[in-house]
2 protein chains.
Amino acid sequence: MRKPNRRSRNKSTLPPAAPPIRPGMIGGRYQPLSQAEMERIHELVLRLLADLGLSQITPSLEARAVAAGCEVDDTGRLRFPRAMVEDVIGRTRRKFTLHGIDPAHDIEIGGRRVHTGTGGAAPTIMDFHSGKYRESTVADLYDIARLVDRMDNIHWYHRSVVARDTETVLDLDINTTYACLSGTSKSIAVSYTDSASVRAVIPMLDAVAGGEGRFRQRPFCTAVCCHVVPPMRFATESCDALEAAVEAGMPILLVAAGQAGATAPAALAGAVAQACAEVLAGLILCNLIDPQCRAIFATWPFVSDLRTGAMSGGSGEQALLSAACAQMAGFYDLPNSVPAGMTDSKLPDMQAGGEKGYTISLAAHAGASMIHESAGMHGSLMGTGFESYVLDNDLLGAILRTVKGVEVNEDTANFDVIRDVVMGEGHYLGHPQTFARMKTDYLYPQIACRRSISDWEDAGARDARDVARDTVRTILADHYPGHIPEEVDRRLRDNFNIVLPRARMGASNGIW
Amino acid sequence: MRKPNRRSRNKSTLPPAAPPIRPGMIGGRYQPLSQAEMERIHELVLRLLADLGLSQITPSLEARAVAAGCEVDDTGRLRFPRAMVEDVIGRTRRKFTLHGIDPAHDIEIGGRRVHTGTGGAAPTIMDFHSGKYRESTVADLYDIARLVDRMDNIHWYHRSVVARDTETVLDLDINTTYACLSGTSKSIAVSYTDSASVRAVIPMLDAVAGGEGRFRQRPFCTAVCCHVVPPMRFATESCDALEAAVEAGMPILLVAAGQAGATAPAALAGAVAQACAEVLAGLILCNLIDPQCRAIFATWPFVSDLRTGAMSGGSGEQALLSAACAQMAGFYDLPNSVPAGMTDSKLPDMQAGGEKGYTISLAAHAGASMIHESAGMHGSLMGTGFESYVLDNDLLGAILRTVKGVEVNEDTANFDVIRDVVMGEGHYLGHPQTFARMKTDYLYPQIACRRSISDWEDAGARDARDVARDTVRTILADHYPGHIPEEVDRRLRDNFNIVLPRARMGASNGIW
């Protein structure tokens, strides 16, 4: 038997302590809108759905909707009667498990529980070695997945870049799904714009789940569905994908991504209302297909810089849009998602940190169930960079610590503790409460530097990005998750056009 | 007569637009504590003041306090009966004008109006030219003042560094006051630890105000007073300074800066309660000296990293402490201050941005009247750097935009706007609402980059810090405020030991 070393002895004598943060802490203490303001927005939402409706519905969904009480007006727009909208909101699923591939990564979505993870569809990545932006690839998707797999505060992996090295939409979707699945055992999400893609990947998901029909029992891959082209128009192909995904039992992220001042009103309240109406339209369709569907209310209105029309994901206005949408989702009590962390900066600098800091913290405190884009993104979603996942994970930890809040009870607001210290030693360093709270109440960052100025100078005066690069190198060189058995992987390679070489998926590839 | 050029013609035809932000927008939509939790903390505060009290009161203040109903227990601690504490809270001044030297910079403090400005007492500065930390000087104080003078979202200049190039406390205080006054016409704040310093600077303040007794009419210099040495002990000399400052009509920042886990409880709720008790003790004393005093409830509990004992100003725990203190001040309805923006990073990098982003936004949304340390600080208040004032001003703008919130009314939540666009052009770019909201609802940053990735690369792929350095150079080379007439300045130089050479205070000094 191995003799316990000093370290493990110490470890075993420490009392078990609840960690300072965990996925799914309760948000909602920031309320950008008053109750009356939410009701006013809700009134506009109902009116938009009933009196304006959405154009371009697919024949199949139109048939379902009309059978359930919707009307098609003489311009072909699908209109949703108020009572029906309120009915569906009332009976829709209020919480569900978003499964990880590994059940250890399951998260419970709904009820103002806050989670943070990736999002996005960046076409470019800042190359880790050259520092220059280039087209993103399947290998990048896989490497980001491996990073995410090791980041405690990134609770899922929604593919954040587009693999530009695939030829067809089907190949893109198959290889994206494969790279995500292979790189992390957390819950994954892929954007499917085509029902054929959804049907194509189900056998892959079943294979990873352990056999035909098994994926449906623990669906660990969410279909991201931009079911609308704002303003107030259905995206026809995506609606077909939506139908296929819901039928396959996939969780579905119903995204309405209007841009205020371009495809949504410049007035923030109007942009929130339009997004809510567009997502509710999708939610109703999902519920008509399967009342037990796992649908996520993803109001993602973006901000335009009105001088140029360019998106500004890092603006204060964006922080407000996302927080207000999270609060509206709370008003409806629906499992939801908003975007935050979408800095306009092209690299992880002071601007990126600041913009991520306020956008994510306001979305989190507004009680968003899922904060997408909260890690890794650059340039208003147009780029990404490996270091940013590591840096943002640290930031997310601190923000989630603030969501946990201040515990006020007999132990924490205690007269005797203060009196004993004041009348005794005069400081709290040696007090049992200090020792007890050290591990339960205080979160220690992994990247953020807390050294003194002179210690920091002695250690090379490095900035946070430089420190994070070390972590990237270590993880990417070492961490090749083995949750998909080799035999399953071989089967996938036999049945699908997988472009990521098997040799790329192990420590001997010599890249890192 | 000069012919109007194209630029001024354009200007005059634009409709006057309310700017998207202004000082003093209303916060309070983030409530980290419930009503019951605030009441529990308040109960502990009352008990601490009544049953434990504070030691080391000065004889003069003891006499005033005992005459007003306080008791001195047999260990010499000054105790404050509950009814007296509640009385003073009830009758204390709820709002007042914090005057700028120039009335254009007056701000109204109280009632959840949020303002942001500098703070701190850093002993070092990251030298702008060498990038290395060195001892800070009177010239640095003056140069920072000049930067602050040009930053719209830094609403006052509380001296942020200690001038290490002065010999005595009196010289330090005189030269600090002089450098602040000379560099900006905003409201200034200086820490006086000694009543002699307070008495010495009043003639200087009067001279700048226009004559003897004039400062008292528009007091534009706040005395920062750390009147306690936590836990629950008065700082004797600072109490003398407090008395002198209140008698001179100075606004007074009553700071209790305990460190959780060292000089305050590790449990956050306890740290908040102790800080509230300590500041209330000071507030009562100020009110006994002058019931019309301008006192600011400055609960500044800091966080220790309990592994090392070092301060961690950028932690999530710090964000919670400051936000909870702001909320308690709102509970008491007192003009108040909390610290936020105190990054642990030693330079303006991603860590600094993130930490400033969440700490400042949560303090602001919790409704703090004054957020001190919100610009310029590095290394948990141990350092500063010129670039950071410029960078943080940009960040503060975006955060203050979020405090302004979402306007929900007939114009912003408007059915007709959406219907007209949907049934018409299909996008909002040309809609009158978009044009109207462009200037009133959207804030455009000065440093933050919103270019596309390729434009940014073409422009040199600079980070935010690098861009901010250009602004620093421009301002410091050009901006020498002339609000103190040369003749007044000459008189000050005749009567005080001013170490900043007059030649340093003009564009011809050749430094920038």
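The values are calculated or read from the model by the stated rules, or taken from the named source; none is laboratory data. The shown structure was predicted, so the numbers you read here are calculated from the model rather than taken from an experiment. So basically every Cβ, Gly included, is an ideal-geometry build from the backbone, and we count neighbours across all protein chains shown. Only protein heavy atoms, including side chains, enter the accessible area calculation; ligands, DNA and RNA are left aside. Shrake-Rupley method; radii C 1.70, N 1.55, O 1.52, S 1.80 Å.
Look at the stretch A:41-63: where a residue is touching a residue at least 24 places away in the same chain (Cβ under 8 Å) and a partner is open to solvent by 20 Å² or more (accessible area, probe 1.4 Å) and polar (S, T, N, Q), sitting 6+ places away or on another chain with Cβ atoms under 6 Å, you get A:Gln56/A:Thr236; A:Thr58/A:Thr236. Quickly run through the stretch B:391-448 and pick out the residues that are without any contact (Cβ under 8 Å) to a residue 24 or more places away in the chain, hydrophobic (A, V, I, L, M, F, W, C) and more than 7 Å from every other protein chain (Cβ to nearest Cβ). Across the stretch B:391-448, the qualifying residues are B:Met423, B:Phe435, B:Ala436.
For the stretch A:270-314, residues that are farther than 25 Å from A:Phe96 by Cα and assigned to a strand (DSSP E or B) total 4. Quick check, is B:Ala468 in contact with a Leu (Cβ under 6 Å, 6 or more places away or on another chain), in contact (Cβ under 8 Å) with a residue 12 or more places away in the chain and either surrounded by 13 or more Cβ atoms within 10 Å (Cβ to Cβ) or on the phi > 0 side of the Ramachandran plot (or both)? For B:Ala468, the condition - in contact with a Leu (Cβ under 6 Å, 6 or more places away or on another chain), in contact (Cβ under 8 Å) with a residue 12 or more places away in the chain and either surrounded by 13 or more Cβ atoms within 10 Å (Cβ to Cβ) or on the phi > 0 side of the Ramachandran plot (or both) - is met. Scanning the stretch A:242-268 for residues that are part of a strand (DSSP E or B) and surrounded by fewer than 24 Cβ atoms within 10 Å (Cβ to Cβ) yields a total of 1. Among the residues of the stretch B:285-326, those identified as open to solvent by 10 Å² or more (accessible area, probe 1.4 Å) and within 12 Å of chain A (Cβ to nearest Cβ) are B:Leu306, B:Arg307, B:Thr308, B:Gly309, B:Ala310, B:Met311. Tell me, yes or no, whether the stretch B:486-499 has at least one residue that is touching a residue at least 40 places away in the same chain (Cβ under 8 Å), within 28 Å of A:Leu306 (Cβ to Cβ) and aliphatic (A, V, I, L, M). The answer is no; no qualifying residue exists. The single condition from (1) more than 7 Å from every other protein chain (Cβ to nearest Cβ); (2) of a type in the set (A, V, I, L, M); (3) without any contact (Cβ under 8 Å) to a residue 12 or more places away in the chain that A:Leu381 fails is (3). Would you check if A:Leu253 is aliphatic (A, V, I, L, M) and free of Cβ contacts under 8 Å to residues at least 40 places away in the same chain? Spelling it out, it is not the case that A:Leu253 is aliphatic (A, V, I, L, M) and free of Cβ contacts under 8 Å to residues at least 40 places away in the same chain. Residues of the stretch B:315-335 that are assigned to a loop (DSSP other than H, G, I, E, B) and closer than 17 Å to B:Ala264 by Cα: B:Ser315 alone.
Residues are listed down the side, and each one gets a yes or a no for (1) open to solvent by 10 Å² or more (accessible area, probe 1.4 Å); (2) under 12 Å from A:Phe496 (Cβ atoms); (3) modelled with pLDDT of 95 or more:
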site	(1), (2), (3)
A:Ile154	no, no, yes
A:Arg164	yes, no, yes
A:Asp171	yes, yes, yes
A:Thr177	no, yes, yes
A:Val201	no, yes, yes
A:Met204	no, yes, yes
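With respect to A:Gly367, is the statement that it is facing chain B (nearest Cβ under 7 Å), at pLDDT 95 or above and out of contact with any Ser or Thr (no Cβ under 9 Å at 6 or more places or on another chain) true? No, not satisfied. Restricting to the stretch B:79-109, name every residue that is part of a helix (DSSP H, G or I), touching a residue at least 24 places away in the same chain (Cβ under 8 Å) and under 24 Å from B:Leu46 (Cβ atoms). Scanning the stretch B:79-109 gives B:Arg82, B:Met84, B:Val85, B:Glu86, B:Val88, B:Ile89, B:Arg91.
Scanning the stretch B:406-426 for residues that are surrounded by fewer than 18 Cβ atoms within 10 Å (Cβ to Cβ) and either touching a Pro at 6+ places or on another chain (Cβ under 9 Å) or at positive phi (or both) yields a single hit, B:Gly426. Looking across the stretch B:29-44 at every residue that is open to solvent by less than 30 Å² (accessible area, probe 1.4 Å) and aliphatic (A, V, I, L, M), the one that is farthest from A:His365 (Cα to Cα) is identified as B:Leu44.
Which condition from (1) crowded, with 21+ Cβ neighbours inside 10 Å; (2) of a type outside the set (Asp, Glu); (3) within 30 Å of A:Arg401 (Cα to Cα); (4) touching an Asp or Glu at 6+ places or on another chain (Cβ under 8 Å) is the one that A:Arg113 breaks? So the condition that A:Arg113 fails would be (4).
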